[in-house]
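This report concerns only the one structure given below.
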Amino acid sequence: MTDRNVTLSTEGKDFNYPILEGSVGPEVFDVRKLYGQTGMFTYDPGFTSTASCQSAITYIDGEKGVLLHRGYPIDQLAENSTFMEVAYLLLHGELPKGSELHDFTYTISRHTMLHEQLATFYRGFRRDAHPMAIMCGVVGALSAFYHDSTDITDPEQRMIASHRLIAKMPTIAAMAYKYSVGQPFLYPDNSLSYTGNFLRMTFGVPAEPYAVNPVVERAMRRIFILHADHEQNASTSTVRLAGSSGANPFACIAAGIACLWGPAHGGANEAALNMLREIGDVKRIPEYIARAKDKDDPFRLMGFGHRVYKNFDPRAKVMKATADEVLKELGKSDPVLDVAKELEQIALSDDYFIEKKLYPNVDFYSGVILNAIGFPTDMFTALFALARTVGWVAQWNEMISDPEQKIGRPRQLYVGQPQRDYVPVDKR
Ligand code: CMC
C-alpha cells in the first residue's frame, strides 16, 4: 500500500481509492469499495486493465519482453534448469537445494502411474477423438479416483493433489496418443527424466527398448519449461475461478484444459502449424499477409500477437533456436520452417504488424519442433496442457492460501429488457 490515492469524481462528490504497489510492475488502485460507495461497477471486458488477484509467482513486462518465474528470467531457466527444478520453483518459491530437488523428483516419480481402471476410460472415446477432449475427461475423472487428496482445506492434501497432477499428466497425454494410433499403453519408467519418460511412453513400444535422443529430450524440456506458467492468462484464470468456489483440484485443472484448447490460447500452436502447411510455399506468403491485414477477412496470422507482449515474446526466441537445433539433429529440412522464417521476416518489416506490435509468440515455432519430433498436430495443445499443469497447480495453491481469496463473481453492464409482465401465448 502507498499513501497515494486515485480520486474519482462523480455527481459533485470525490471518492478516494488507495494505490497499491507491487514489487515491480504497474501499480493498481483498489476499487473493492467502489460499488458500495458509488453504486457503480467498472467495465473491462477481457480484463485488459484489471488485476484479478495478487501473485508472487510469475512476472511479465510485455513492453520489454520480460518473463520471470519467481524472479528468474525464462531464458536462464530454459537453458540451465530441469523441468522438475522449475516445477519446484513455481510451487515453492525458491530453487530447490540438492536434497530438496532429489526428494521432489522422487515424489513426482512415485505418482506417475494411473489407477489401472482409468485405462478403461480411454476405450469410451472414439479413436479419432481430439487428445484435448480425452485430457478434459480423464483429468476431471481423477477426482473420482483420488478421494484422499480432494480436501482443499488441508494443505497436505493440496500438495499431494498437485504432485499427482504434475506426475500423471505425461502418462495421461501419452495414453491419449497411444489410443489414437492403436498401440498398447506403456507404463512409466521412473528411471528416466520427466521428459525422457514422456517421450518413451509416447514413442516407445513394449516390443523393443527405447533410447531417448538427448537433443530431443533437451528440446522437450525447454518446451515444457517455456510453457510452465504465464501469470493470469485465460486458462490460469479459469483454474482460479473454478477453484474459488472450492471445487477439487482435478476438476479445476480439467476446466483449465478446456479453456486452453481454444485457438486464441493454447490451440494456437496447432493452428499455427496448420497455417504454415496451408501456406506451403514462401511464394504464397504475400497473399496470407494481405488476408491478415484485410478487415473484412477474419483470417489472422496464427502464432502472431499477444495480449501482453508488445515488443517480443521471450519464449519465441528460445523456441526458434531450439527449432534449428532439433531439425539439424534429426537431419530434417522442413519446408514449413522455411515458410515460418520467411513469414516472420516479412511480417516484422510490414507497417501493419509494426504498428499493431504483432510479433511471433511462443506458438509460432513450437509446432515446427513438435512436428519434427513426430507428434501429430492435434497433440500439440495436449503437450501445452501437460506443461502448464505446473503453473496451474502453483497458482491454484497460491489462491487457496490467500486470506483475501473470495469466490470469483464478476458483475455486468446489463443491456437487456427492464422488468416487464408476462404475456400469455395467445396474446403475443
Ligand atoms: N494477425 C493479424 N492481425 C492481428 C493478429 C494476428 N495474429 N492479432 C491481432 N491482430 C490485430 C487485430 O485484428 C486488431 O486489429 P484492430 O485494432 O485493427 O482491430 C489488433 O491487432 C489487436 O488485436 P486484439 O484481438 O484486440 O488483441 P488481443 O490482445 O485481444 O488478442 C491474441 C491477442 C493473442 C488473441 C491475438 O493476437 C490473436 O488472435 N493471435 C493469433 C492467435 C495466437 O497466436 N494465440 C496465441 C497466443 S500466445 C500463447 C498463449 O499464451 O496462449
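The values are calculated or read from the model by the stated rules, or taken from the named source; none is laboratory data. Please read these numbers as outputs of a predicted model, since none were measured by experiment. Methodologically, a virtual Cβ is constructed for each residue, glycine included, from the backbone with ideal geometry; neighbour enumeration extends over all protein chains shown. Just the protein is used for accessible areas: all its heavy atoms, side chains included, with ligands, DNA and RNA removed. Shrake-Rupley method; radii C 1.70, N 1.55, O 1.52, S 1.80 Å.
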Quiz item: modelled with pLDDT of 95 or more, closer than 13 Å to Val393 by Cβ and either among the charged types (D, E, K, R) or open to solvent by less than 10 Å² (accessible area, probe 1.4 Å) (or both) - does that describe any residue in the stretch 216-226?
Solution: no
Quiz item: Does Thr381 satisfy the condition of being modelled with pLDDT under 95, under 27 Å from His130 (Cα atoms) and within 16 Å of the ligand (Cβ to nearest atom)?
Solution: yes
Quiz item: Taking the condition at pLDDT 95 or above, within 27 Å of Gly65 (Cβ to Cβ) and either hydrophobic (A, V, I, L, M, F, W, C) or assigned to a helix (DSSP H, G or I) (or both), does Met201 pass?
Solution: no
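Can you tell which of Val24, Val28 is in contact with an Asp or Glu (Cβ under 9 Å, 6 or more places away or on another chain) and either surrounded by 14 or more Cβ atoms within 10 Å (Cβ to Cβ) or basic (Lys, Arg) (or both)? Working first, answer last.
Details: Val24 fails: either surrounded by 14 or more Cβ atoms within 10 Å (Cβ to Cβ) or basic (Lys, Arg) (or both).
Exactly one residue qualifies, and that residue is Val28.
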Practice problem: Would you point out which residue out of Thr58, Thr50, Thr10 is of a type in the set (S, T, N, Q) and either surrounded by 15 or more Cβ atoms within 10 Å (Cβ to Cβ) or closer than 29 Å to Arg221 by Cα (or both)? | Solution: Thr58
Quiz item: Which ranges mark the helices (runs of 4 or more DSSP H) fully within the stretch 40-116 that have 2 or more residues being aliphatic (A, V, I, L, M) and under 30 Å from Ala141 (Cα atoms)?
Solution: 83-92, 98-109
Quiz prompt | Extreme residue, farthest from the ligand (Cβ to nearest atom), among residues of the stretch 286-313 that are farther than 14 Å from Asp350 by Cα and among the aromatic types (Phe, Trp, Tyr) | solution = Phe312
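Report yes if Lys283 is open to solvent by 50 Å² or more (accessible area, probe 1.4 Å), at pLDDT 85 or above and away from the ligand (no atom under 12 Å from the Cβ), otherwise no. Walk me through how you get there before you give the answer.
On the way: open to solvent by 50 Å² or more (accessible area, probe 1.4 Å): yes; at pLDDT 85 or above: yes; away from the ligand (no atom under 12 Å from the Cβ): yes.
Considered against the rule, which asks whether it is open to solvent by 50 Å² or more (accessible area, probe 1.4 Å), at pLDDT 85 or above and away from the ligand (no atom under 12 Å from the Cβ), Lys283 comes out as yes.
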Quiz item: Looking at (1) open to solvent by 10 Å² or more (accessible area, probe 1.4 Å); (2) closer than 26 Å to Gly305 by Cβ; (3) touching a Lys or Arg at 6+ places or on another chain (Cβ under 7 Å); (4) among the polar types (S, T, N, Q), which is the only condition Asn397 fails?
Solution: (2)
Practice problem: Write out, first by first residue and then by second, each pair whose Cβ atoms fall under 6 Å of each other, whose residues are 6+ apart or on separate chains, and whose first residue, in the stretch 361-384, is over 12 Å from Ile223 (Cα atoms) while the second is of a type in the set (Ser, Thr, Tyr). | Solution: Met379/Tyr177
Practice problem: Could you tell me whether Phe353 is of a type outside the set (A, V, I, L, M) and buried (at least 22 other Cβ atoms within 10 Å of the Cβ)? | Solution: no
Quiz item: Restricting attention to the stretch 259-279, which residues are within 10 Å of the ligand (Cβ to nearest atom), surrounded by fewer than 22 Cβ atoms within 10 Å (Cβ to Cβ) and not hydrophobic (A, V, I, L, M, F, W, C)?
Solution: Gly262, Pro263, His265, Gly267
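Yes or no: Leu370 of a type in the set (A, V, I, L, M, F, W, C), open to solvent by less than 50 Å² (accessible area, probe 1.4 Å) and farther than 17 Å from Gly256 by Cα?
Values: of a type in the set (A, V, I, L, M, F, W, C): yes; open to solvent by less than 50 Å² (accessible area, probe 1.4 Å): yes; farther than 17 Å from Gly256 by Cα: yes.
Criteria met by Leu370.
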Exercise. Tell me which of these Thr236 doesn't satisfy, since it passes every other one: (1) in contact with a helix residue (DSSP H, G or I) (Cβ under 8 Å, 6 or more places away or on another chain); (2) open to solvent by 20 Å² or more (accessible area, probe 1.4 Å).
Key: (2)
Practice problem: Return yes when Ile354 is more than 12 Å from the ligand (Cβ to nearest atom) and hydrophobic (A, V, I, L, M, F, W, C) and no when it is not. | Solution: no
Quiz prompt | Near pairs, Cβ below 7 angstrom, 6+ apart or cross-chain, from the stretch 269-291 (without any contact (Cβ under 8 Å) to a residue 24 or more places away in the chain) to any residue that is open to solvent by less than 80 Å² (accessible area, probe 1.4 Å) | solution = Arg291/Asp297; Arg291/Phe299
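Among the listed residues Ala247, Ala242, identify the single one that is outside any loop (DSSP other than H, G, I, E, B), away from the ligand (no atom under 16 Å from the Cβ) and aliphatic (A, V, I, L, M). Even if it seems obvious, please write down each step before you answer.
Working: Ala247 fails: outside any loop (DSSP other than H, G, I, E, B).
Checking each option against the conditions leaves just Ala242.
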